[in-house]
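The values are calculated or read from the model by the stated rules, or taken from the named source; none is laboratory data. A quick note: this is a predicted structure, and the numbers were derived from the prediction, not measured. So basically every Cβ, Gly included, is an ideal-geometry build from the backbone, and we count neighbours across all protein chains shown.
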Amino acid sequence: MTVFIASLFLPKTIHFTLPGTPPPGAAAEKKQPGKPAPAEKQTSLFQAPNITPPITPVDDKTRDHLFTNEDGLRVQIPQVEPAADGFRAPADRSSPTWGGRPDQPMSRANSPPPPSLIEKSRLLQQKAKELGRQGVTQPRSLTRSDSHDRVFANANWKVVNADQGNGGLRNAAEAAARECKLGDYMWVGTLGMPTDALQGTQQLQDISDRLYTEHDMLTVLCSDKDFDGHYSHFCKQILWPVFHYQIPDNPKSKAYEDHSWKYYVNVNQAFADKIIKNWKRGDVIWVHDYHLLLVPGMIRRKLPDAKIGFFLHVAFPSSEVFRCLAVRKQLLEGMVGANLIGFQIHEYTRHFLQTCSRLLSAEATPDGLQLEDRFVDVINMPIGIDPVSLNQHRQEVEVKKWLDIMRERYAGKKLIVARDKLDHVRGVRQKLLSYELFLNANPEWRNNTVLIQVALSTSEKSELDATVSDIVTRVNSSWANLAYQPVVYLKQDIDYAQYLALLSIADALMITSQREGMNLTSHEFLYCQDGKFSEKKHGSLILSEFTGTSSLFGGNELSVNPWDYRACANAIKKALEMGDEEKEQRWTKLYEAVNHHTGSHWFTEFMSRLDIVYDEQHRRDQTSVPRLSMHSLMQQYNRTERRLFILDFEGTLVSWGPVNKIIPVSPQRTLDVLNDLLLDERNTIYVMSGRRPEELDRLFRRVPNLGLIAENGCFLKDCGSTTWTEMADSDQIRSWKESVKPILNYYLERTPGAELEDRRCSLIFHYKSAEDYEAAQRQATDCASHINDACEEQRVHAIPLDGCVLVEPIDWTKTTAAQKIFADLRANMAPDEKHTSPVDFLMVIGDGREDEKVFKWANTLGEDGTVKEVVTVSLGNRNTEATATLAQGVSGVLMALQKLASIA
């Protein structure tokens with residue numbers, strides 16, 4: 001068995017050795033006479049141990065960058081600016097290093113033009129032709145040449161660790177493999193560099209072959225144009241902002257242009273094709289992150305039996321935000337192609353379920369999504385760091401050197417550290433304003449506190465960049481002196497040794513993200529504060545409540561709202577003035593949480609859960625459930641003495657239509673079959689229905705010994721009884737109806753032709769006869785989502801069904817009624833028999849979603865040995881908990897029951 005791990009970038013990439021260029025790591029260019037020496041790379045926290053850093057360092061684009069990925073772990077990036085999510089973002093397309101390093105090919109991609117430019121392009125082409133006729137020669141493109149292609153097609157190359165990618169995922173996989181919890185696995189991804197220049201060459205084939213044979217990596221090859229449109233445009237300009245609640249509605253945004261969608265589809269299809277080509281039965285496919293949302297659905301269409309997992313590493317927004325996407329439905333349908341979908345925290349899981357309920361008309365349950373033909377499990381499982389790898393790096397000599405330098409440089413000062421991407425999501429502006437307010441309100445701390453803010457800037461200048469620089473300048477000009485600078489602002493990254501040293505010596509880490517999937521920097525900070533390789537600090541963690549990590553820490557962090565500047569300032573004061581005992585107590589609990597949620601634990605737990613849900617789903621799949629064997633059924637029936645039948649009514653015993661339509665005559669054949677079965681005193685029969693009690697009384701008045709369940713479990717009538725027992729709490733029903741009816745009436749007014757049915761314990765919004773069915777269906781899904789959001793605490797839920805929305809209580813169902821029947825049968829047994837089961841044969845037959853839980857309950861009684869013979873039969877065309885299916889529908893059910901009744 002092989003586990004395919006699909007992520008946008010492979011852990012490896014290719015570096016070429018070009019003629020006339022020094023290899024990576026060669027000595028710097030020698031100084032030429034008459035010219036100044038080239039500037040050295042400034043990768044240190046400050047230029048020298050005794051020199052105060054500048055207020056705002058010059059942005060040097062030739063500097064090596066190390067940056068935080070979406071998962072918070074660090075991957076080295078040279079010569080390009082970091083992207084918003086931690087992946088390497090392209091620099092200026094006019095630069096020869098766009099899409100790669102100088103020792104990698106240049107990209108042939110042109111930015112996909114918006115539709116408004118198509119006409120302008122046509123006019124420019126006409127102008128070019130006119131110039132050609134006049135003898136004016138157009139310059140040849142300087143960014144691409146045949147010689148460039150030939151150089152890279154014949155250059156020497158080597159496989160190196162990739163600069164870009166999901167570091168947390170890689171570390172988790174490596175940790176799981178190191179602990180022997182992961183067997184054979186294969187990475188699937190792109191090289192992270194342009195490949196058009198190598199297309200059709202032996203060079204590219206050799207690269208792919210070596211990655212496959214020596215590194216267990218499948219290379220996905222897509223055109224530079226496809227990748228640029230996919231990543232730089234659709235992922236970065238549309239998906240990333242929306243997933244982080246930053247709806248891109250400014251005039252410069254391309255969110256409402258659909259030109260990049262086709263490139264997103266193309267790249268996802270390339271991934272799916274590569275996996276499908278190499279998949280063997282028994283293999284596992286695990287797809288990662290928002291770059292590949294369509295891949296699970298694409299694979300599912302070609303490989304219906306594949307075991308597919310999907311994990312989203314970033315946040316998932318509320319349905320109100322996600323529905324702003326023009327391709328919202330396609331993205332969701334791609335995700336639900338997986339057997340198991342994972343999110344970082346419960347909030348994102350809930351948002352996803354609500355969104356699917358609203359946009360796909362799927363029934364959202366606590367365990368996942370019930371689609372028409374199958375079930376998709378949905379879980380939350382936070383990723384973590386790899387402590388083993390982190391501790392190895394902490395022992396390096398370079399870390400200790402920087403610890404000594406910083407102890408001397410900041411002796412007697414309290415250090416607040418921060419390291420963020422300089423974008424609107426990370427809350428750098430809010431953090432600096434809060435710190436300024438803290439210094440204003442607490443003059444005693446002005447000469448004793450330093451905020452070190454490492455800001456990873458983008459290549460694109462923004463208003464935020466200027467605003468942050470202005471705040472830093474204002475704070476430093478207000479309180480700085482020759483010996484003190486309140487803010488050390490580095491608009492560049494620091495190397496890994498400095499980063500670890502900084503986390504180890506810090507008195508507090510401050511994270512003020514406005515929205516973030518997890519943030520594992522906080523995990524690394526807590527590990528670096530344990531005192532194993534430096535002094536024990538147990539520094540405080542100031543953490544935004546809008547990060548995924550916040551939900552793991554149980555309030556032991558100092559939780560803040562980034563927009564509440566005064567609360568953030570108070571949190572800084574509390575962090576600095578907190579007593580040692582309280583700091584140690586908080587840190588201990590935080591450390592335990594981090595130590596539990598490690599990367600290895602996350603990886604192995606997800607894989608184990610995927611195995612379990614796949615087996616359960618495969619067992620429930622209609623194609624895997626056997627046909628009901630009449631021979632076996634009759635043998636089981638003959639071997640038993642006390643028999644209980646629980647039979648659904650609509651669609652099972654009768655084929656008549658919706659429950660809001662009155663049945664004009666009693667179904668005579670059904671009544672005859674039930675009466676024949678009840679001639680045997682060893683048989684007990686209950687019929688369950690969504691209809692009202694008075695309707696069932698009229699229908700079955702000629703079957704006196706029949707038990708009835710009305711309104712899906714809210715009313716129960718025992719065999720031989722003339723009275724009904726109301727199972728539901730009438731006061732609770734009345735209470736939630738008062739809340740739900742105004743919502744239903746709101747949608748009823750907007751759906752011509754729809755009608756509302758008010759039953760004793762439920763409400764039904766019928767729209768099958770609406771004037772515009774498609775519009776009514778959208779209204780119905782919105783209605784169901786609205787009710788589930790607003791009335792969750794009242795123990796009521798709305799279920800989208802075919803042509804209607806059923807609103808019913810959660811606490812009284814067909815299953816609770818079946819459990820009550822079973823308990824009453826046991827209670828009526830003789831005292832010396834109560835240790836045994838009241839029945840030794842149980843048969844449940846149904847055709848709808850609401851019957852699945854009754855199947856599951858009955859199967860459990862058979863599995864634990866409570867009931868000797870259990871038969872559950874489904875008539876529906878969906879995955880099922882039943883142990884058998886019947887293809888003949890109602891006639892097949894009546895025929896089977898008639899055969900049992902004929903047994904003497």
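Go through the residues of the range 515-527 one by one and say whether even a single one is in contact with a strand residue (DSSP E or B) (Cβ under 8 Å, 6 or more places away or on another chain) and surrounded by fewer than 19 Cβ atoms within 10 Å (Cβ to Cβ).
There is no residue in the range 515-527 that is in contact with a strand residue (DSSP E or B) (Cβ under 8 Å, 6 or more places away or on another chain) and surrounded by fewer than 19 Cβ atoms within 10 Å (Cβ to Cβ).
If we scan the range 477-485, do we find a residue that is farther than 29 Å from Glu582 by Cβ and in a helix (DSSP H, G or I)?
Yes.
Here is a list of conditions, (1) within 42 Å of the chain's Cα centre (by Cα); (2) modelled with pLDDT under 90; (3) surrounded by 10 or more Cβ atoms within 10 Å (Cβ to Cβ); (4) in a helix (DSSP H, G or I), and Thr143 meets all of them except one; can you say which number that is?
Checking Thr143 against (1) within 42 Å of the chain's Cα centre (by Cα); (2) modelled with pLDDT under 90; (3) surrounded by 10 or more Cβ atoms within 10 Å (Cβ to Cβ); (4) in a helix (DSSP H, G or I), the one that fails is (4).
Among the strands (runs of 3 or more DSSP E) contained in the range 301-408, which hold 2 or more residues that are at positive phi?
Passing ranges: none, list empty.
Would you check which residues across the range 853-875 are of a type outside the set (Val, Ile, Thr), touching a Gly at 6+ places or on another chain (Cβ under 9 Å) and free of Cβ contacts under 8 Å to residues at least 40 places away in the same chain and list them?
Correct list: Phe855 only.
Would you confirm whether or not the range 458-477 contains a residue that is touching a strand residue (DSSP E or B) at 6+ places or on another chain (Cβ under 8 Å) and either among the aromatic types (Phe, Trp, Tyr) or not assigned by TED's automatic domain parsing to the domain that holds Gln392 (or both)? Let's see the steps before the verdict.
Looking only at the range 458-477, we keep the residues that are touching a strand residue (DSSP E or B) at 6+ places or on another chain (Cβ under 8 Å), and these are 458, 468-469, 472, 475-476.
Subsequent filtering for residues that are either among the aromatic types (Phe, Trp, Tyr) or not assigned by TED's automatic domain parsing to the domain that holds Gln392 (or both) retains none.
No, every residue in the range 458-477 fails to be touching a strand residue (DSSP E or B) at 6+ places or on another chain (Cβ under 8 Å) and either among the aromatic types (Phe, Trp, Tyr) or not assigned by TED's automatic domain parsing to the domain that holds Gln392 (or both).
Is the range 274-281 home to any residue that is crowded, with 21+ Cβ neighbours inside 10 Å and within 30 Å of Asp611 (Cβ to Cβ)?
Yes, some residue in the range 274-281 is crowded, with 21+ Cβ neighbours inside 10 Å and within 30 Å of Asp611 (Cβ to Cβ).
Against the definition (at pLDDT below 90 and within 24 Å of Ile276 (Cβ to Cβ)), how does Gly168 come out, yes or no?
no
Given the criterion over 33 Å from the mean Cα position of the chain (by Cα), surrounded by fewer than 17 Cβ atoms within 10 Å (Cβ to Cβ) and modelled with pLDDT of 90 or more, identify the matching residue among Glu757, Glu833, Glu749.
Glu749 is the lone residue from the list that is over 33 Å from the mean Cα position of the chain (by Cα), surrounded by fewer than 17 Cβ atoms within 10 Å (Cβ to Cβ) and modelled with pLDDT of 90 or more.
Take His424 and tell me if it is surrounded by fewer than 19 Cβ atoms within 10 Å (Cβ to Cβ) and modelled with pLDDT under 90. Steps first, please.
Values: surrounded by fewer than 19 Cβ atoms within 10 Å (Cβ to Cβ): yes; modelled with pLDDT under 90: yes.
Spelling it out, His424 is indeed surrounded by fewer than 19 Cβ atoms within 10 Å (Cβ to Cβ) and modelled with pLDDT under 90.
Going by what's in this entry, would Ala798 be described as crowded, with 19+ Cβ neighbours inside 10 Å and either part of a loop (DSSP other than H, G, I, E, B) or touching a residue at least 12 places away in the same chain (Cβ under 8 Å) (or both)?
It is true that Ala798 is crowded, with 19+ Cβ neighbours inside 10 Å and either part of a loop (DSSP other than H, G, I, E, B) or touching a residue at least 12 places away in the same chain (Cβ under 8 Å) (or both).
Just one of Glu726, Glu711, Glu694 is crowded, with 21+ Cβ neighbours inside 10 Å, under 30 Å from Arg826 (Cα atoms) and of a type in the set (D, E, K, R); which is it?
One residue alone meets the criteria, Glu711.
Give just the number: which of (1) out of contact with any strand residue (DSSP E or B) (no Cβ under 7 Å at 6 or more places or on another chain); (2) modelled with pLDDT under 95; (3) surrounded by 15 or more Cβ atoms within 10 Å (Cβ to Cβ) does Leu628 not satisfy?
Tallying (1) out of contact with any strand residue (DSSP E or B) (no Cβ under 7 Å at 6 or more places or on another chain); (2) modelled with pLDDT under 95; (3) surrounded by 15 or more Cβ atoms within 10 Å (Cβ to Cβ), Leu628 fails exactly one: (1).
Are any residues in the range 369-411 free of Cβ contacts under 8 Å to residues at least 40 places away in the same chain and crowded, with 21+ Cβ neighbours inside 10 Å, and if so, which ones?
Scanning the range 369-411 gives Leu369, Val378.
Scan the range 178-201 and give yes if some residue there is farther than 23 Å from Tyr264 by Cβ, polar (S, T, N, Q) and modelled with pLDDT under 90, otherwise no.
yes
Take the range 211-236 and flag every residue that is buried (at least 17 other Cβ atoms within 10 Å of the Cβ) and not hydrophobic (A, V, I, L, M, F, W, C).
Thr219, Ser223, Asp224, Lys225, Asp226, Asp228, Gly229, His230, Tyr231, Ser232, His233, Lys236
Within the range 187-197, is even one residue under 22 Å from the mean Cα position of the chain (by Cα) and either aromatic (Phe, Trp, Tyr) or in a helix (DSSP H, G or I) (or both)?
yes
Any chance the range 490-512 includes a residue that's under 23 Å from the mean Cα position of the chain (by Cα) and in contact (Cβ under 8 Å) with a residue 12 or more places away in the chain?
yes
Would you mind finding the one in Glu545, Glu557 that is acidic (Asp, Glu), surrounded by 24 or more Cβ atoms within 10 Å (Cβ to Cβ) and within 30 Å of His351 (Cβ to Cβ)?
Glu557
This table checks each residue for (1) out of contact with any strand residue (DSSP E or B) (no Cβ under 7 Å at 6 or more places or on another chain); (2) part of a loop (DSSP other than H, G, I, E, B).
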site	(1), (2)
Glu738	yes, no
Leu744	no, no
Leu756	no, no
Phe765	no, no
Glu771	yes, yes
Ala776	yes, no
Ala784	no, no
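What's the number of the condition Ser208 fails, among (1) outside any helix (DSSP H, G or I); (2) among the polar types (S, T, N, Q); (3) surrounded by fewer than 22 Cβ atoms within 10 Å (Cβ to Cβ)?
Status for Ser208: all satisfied but (1).
Spot the failing condition for Asn278; the list is (1) farther than 19 Å from Phe9 by Cβ; (2) over 22 Å from the mean Cα position of the chain (by Cα), and only one is missed.
Failed condition: (1).
Let me spell it out: the conditions are (1) over 21 Å from Gly412 (Cβ atoms); (2) modelled with pLDDT of 95 or more; (3) not aliphatic (A, V, I, L, M), and Phe546 meets all of them except one. Which number is the exception?
Every listed condition holds for Phe546 apart from (2).
Can you work out which of the residues in the range 346-358 that are of a type in the set (A, V, I, L, M, F, W, C) and either under 11 Å from Met335 (Cβ atoms) or in contact with a helix residue (DSSP H, G or I) (Cβ under 6 Å, 6 or more places away or on another chain) (or both) is surrounded by the fewest Cβ atoms within 10 Å (Cβ to Cβ)? Reasoning before the result, please.
Filtering the range 346-358 for residues of a type in the set (A, V, I, L, M, F, W, C) gives 352-353, 356.
Add one more test, that the residue is either under 11 Å from Met335 (Cβ atoms) or in contact with a helix residue (DSSP H, G or I) (Cβ under 6 Å, 6 or more places away or on another chain) (or both), and what stays is 352, 356.
Values: Phe352: 26, Cys356: 28.
Only one residue tops the list, namely Phe352.
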